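Working notes, beginning with the structure itself.
The values are calculated or read from the model by the stated rules, or taken from the named source; none is laboratory data. Fair warning: this is a prediction, and the values are worked out from it, not measured in the lab. With ideal geometry, Cβ positions are generated from the backbone for all residues, glycine too; neighbour counts draw on all protein chains shown.
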Amino acid sequence: MRAPNAALTELGALPPGVTFTDNGDGTATIAGSPATSSGGLYQLAITAANGVGADAHQSFALTVNEPPQITSGGFGRVHGRIGRIGRRHHHRIPRARDLGDRVAQRRDAHR
């Protein structure tokens, strides 16, 4: 006789925009797009219970990385240049990890 499929439950906080779904067949899905500013480490525990023997538990960590934020010093004027709304603007962003390096990255910003 085959054991029934396990019911899966999740304990812990998921980031906003991410959900846990028990698929009803012994599997589950964690899916979604984390909300902006929800980066961090999320500790989760999944429990599988089918009424036969002891429940099974698995703990793990879900890491949500934040995308880089690019900001400029002032509104409308960057390093002496005036940006115009709806026009392409080139702005040099020095790489912080290469202190002293004259190489810069170019970023097209629409302002």
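Below is a table of values for the structure above.
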{"quantity": "Residue in segment 42-63 that is at pLDDT below 95, in a loop (DSSP other than H, G, I, E, B) and within 23 Å of the chain's Cα centre (by Cα) present", "calculated": "no"}
{"quantity": "Residues that are under 15 Å from Ala61 (Cα atoms) and touching a residue at least 40 places away in the same chain (Cβ under 8 Å), drawn from segment 19-50", "calculated": "none"}
{"quantity": "Failed item in (1) of a type in the set (Val, Ile, Thr); (2) touching a strand residue (DSSP E or B) at 6+ places or on another chain (Cβ under 8 Å); (3) assigned to a loop (DSSP other than H, G, I, E, B), with Thr29 passing the rest", "calculated": "(3)"}
